[in-house]
1. Say whether the condition of being under 19 Å from residue 159 (Cβ atoms) and free of Cβ contacts under 8 Å to residues at least 40 places away in the same chain is met by at least one residue in region 73-83.
2. If a residue has to be touching a strand residue (DSSP E or B) at 6+ places or on another chain (Cβ under 6 Å) and in a loop (DSSP other than H, G, I, E, B) to count, how many in region 206-237 make the cut?
3. Tally up the residues in region 291-314 that are free of Cβ contacts under 8 Å to residues at least 60 places away in the same chain, closer than 27 Å to residue 201 by Cβ and not in a helix (DSSP H, G or I), please.
4. Give 203, 184, 180 a once-over and let me know the one that is at pLDDT below 95, under 25 Å from the mean Cα position of the chain (by Cα) and either in the same structural domain as residue 85 (by TED's automatic domain parsing) or not in a loop (DSSP other than H, G, I, E, B) (or both).
5. Assess whether residue 210 counts as being outside the structural domain of residue 273 (by TED's automatic domain parsing), farther than 26 Å from residue 277 by Cα and surrounded by 15 or more Cβ atoms within 10 Å (Cβ to Cβ).
6. Looking for something over 17 Å from residue 238 (Cβ atoms), surrounded by fewer than 19 Cβ atoms within 10 Å (Cβ to Cβ), without any contact (Cβ under 8 Å) to a residue 24 or more places away in the chain and more than 22 Å from the chain's Cα centre (by Cα) - is there at least one such residue anywhere in region 1-24?
7. Touching a strand residue (DSSP E or B) at 6+ places or on another chain (Cβ under 6 Å), surrounded by fewer than 16 Cβ atoms within 10 Å (Cβ to Cβ) and farther than 18 Å from residue 102 by Cβ: which single residue out of 148, 140 fits that description?
8. Go through (1) touching a helix residue (DSSP H, G or I) at 6+ places or on another chain (Cβ under 8 Å); (2) surrounded by fewer than 15 Cβ atoms within 10 Å (Cβ to Cβ) for residue 293 and report which single condition fails.
């Protein structure tokens, strides 16, 4: 189904006259979809994944898995049928994964269990995103892996499996490194212990998400300490899996509801989400009285939503624990500060790795013509669209970048009564 607005060079949001009301079903979780696509590909048999996300990021994963010999059918708009024999083959060419971070990190580790050479590559944005800690961990497990500058492309010379042993990994930059290792470890030749170098980990809740998905596909993982896990060499068994809606996508709709005093039914209550970003719901519900300090460490993808919401808060908000946002699709700390201050000078500023939003409720209703640069980052586009619900003249450049995770975003807003120029 084609999605309107994605081919525009810019989109100007017209603030709605009244509250936004209606029902919107968010797409399936990107984080869960890309995890279960890989697990189903590593399983022996046929798995049926329903409620899944189909977007640029998941399309990259599907294409890569097909190139590695996995049969993937798409019976409808939210389903995948994945058939594998428990093995991945060396692809005939480098795997091109665009700017899909989950697919890139997960497949870098999975490539270690291929019998042959795999090159994992991405677009110019991906080639700036760090992957060094994961490469170092793979080498510690005896895998020949190399990268020129600590970022993709990565060349992995797999030996058909991972040897038993212990590996330590620095997960300070991304929890995806840990998730990648854990998922690959279940296909090891013996038990593999995965331990953090320290206790710091970006968005630990996503590791819990990984472990839950692995368990659904038959893996056995024992948590041996607060910062270590032992993965049994079970491999994976095919299963049917229902993907829950995307909590990060839900944050935009929760915020739209809060900003307009509306009522938007997502079909899933906030407390039913298992993804870390769902923690943002309680903060959004407190608007316009957000706390003075918000620690975004465990709900990183929700920070752009909260930062734009904070523009209209009763008091200023400081966002802490967000240094990892500098190595996302763009430097989101800098992008948020820059674009907030493009709307009004001084509205957003960086303080070290913190972001400070100088809230001003009187902004609501003003005409402040601003062309928002989105840096090819879907979350910058979707979050700043929220500013257009309260301000006249907000234009989003490259609105098509939302296709990375939520191709139907503009259509969803339109279904609630939002209009665009």
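1. Of region 73-83, the ones under 19 Å from residue 159 (Cβ atoms) are none.
No - not one qualifying residue is present in region 73-83.
2. Total meeting the criteria: 3.
3. To start, the set of residues in region 291-314 that are free of Cβ contacts under 8 Å to residues at least 60 places away in the same chain comprises 291-296, 302-303, 306, 310, 313-314.
Those left that are additionally closer than 27 Å to residue 201 by Cβ: 291-296, 302-303, 306, 310.
Filter again for not in a helix (DSSP H, G or I), leaving 291-296.
Final tally of qualifying residues: 6.
4. On the way: 184 fails: at pLDDT below 95; 180 fails: at pLDDT below 95.
Of the residues listed, the single one that is at pLDDT below 95, under 25 Å from the mean Cα position of the chain (by Cα) and either in the same structural domain as residue 85 (by TED's automatic domain parsing) or not in a loop (DSSP other than H, G, I, E, B) (or both) is 203.
5. Details: outside the structural domain of residue 273 (by TED's automatic domain parsing): yes; farther than 26 Å from residue 277 by Cα: no; surrounded by 15 or more Cβ atoms within 10 Å (Cβ to Cβ): yes.
No.
6. The first filter runs over region 1-24 and keeps only residues over 17 Å from residue 238 (Cβ atoms), leaving 1-24.
Imposing the further condition that a residue be surrounded by fewer than 19 Cβ atoms within 10 Å (Cβ to Cβ) reduces the set to 1-10, 12, 14, 17-19, 21-23.
If we keep only those that are without any contact (Cβ under 8 Å) to a residue 24 or more places away in the chain as well, we get 2, 17.
If we keep only those that are more than 22 Å from the chain's Cα centre (by Cα) too, we end up with 2, 17.
For region 1-24, residues over 17 Å from residue 238 (Cβ atoms), surrounded by fewer than 19 Cβ atoms within 10 Å (Cβ to Cβ), without any contact (Cβ under 8 Å) to a residue 24 or more places away in the chain and more than 22 Å from the chain's Cα centre (by Cα): present.
7. Numbers: 148 fails: touching a strand residue (DSSP E or B) at 6+ places or on another chain (Cβ under 6 Å).
Answer to the selection: 140.
8. Of the numbered conditions (1) touching a helix residue (DSSP H, G or I) at 6+ places or on another chain (Cβ under 8 Å); (2) surrounded by fewer than 15 Cβ atoms within 10 Å (Cβ to Cβ), the odd one out for residue 293 is (1).
The values are calculated or read from the model by the stated rules, or taken from the named source; none is laboratory data. Since we're looking at a predicted model, the values are computed, not measured. Using ideal geometry, Cβ is built from the backbone for each residue, glycine included, and neighbour counts are taken over all protein chains shown.
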